[in-house]
Amino acid sequence: MIGTIAGHKFNALVFPEHAESPEYELGTSRISKLWIQRRADGATVVNFDRGWDVRPTTEVAAAITDFLSAGLAEHTYGQ
């Protein structure tokens, strides 16, 4: 998935099923990769690639991560 939200761009690799190894998934979200960039200055504010490379650097980045984690897979796959 590619999109924009709250002044940020994101790319997410979302699967219909949970990862075989729980550490490869962002919580229980079915997201194995998530990159978020602040559009204003191009800064990467989140990067999860089967593990944290960059934890959310701002409160907004954390809120976006939580929002996407809570429902992106359900929105994408309807389950």
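Projecting the Cα positions of T58, G7, S32 onto the charge dipole of the chain (unit charges on Cβ atoms of Lys, Arg, Asp and Glu, taken about the Cα centre) puts G7 furthest along the positive direction. For the chain, find the longest principal axis of its Cα atoms and tell me its angle to the long axis of helix 59-77, 0 to 90°, nearest 10. Tilt of helix 59-77: around 40 degrees. Sites listed here are chymotrypsin sites (Phe, Trp or Tyr not before Pro) in the chain whose DSSP assignment is loop and whose Cβ has at most 10 other Cβ atoms within 10 Å, and the list is empty.
Sequence-distant contacts, meaning Cα pairs under 8 Å at least 6 residues apart, place the relative contact order of the chain at 25 percent.
Here, each number is a calculation from the coordinates, and none is a lab measurement. Just so it is clear, the model here is predicted, and its values are computed rather than measured. Don't worry about glycine lacking a Cβ; one is built from the backbone with ideal geometry, like all the others, and counts go over all protein chains shown.
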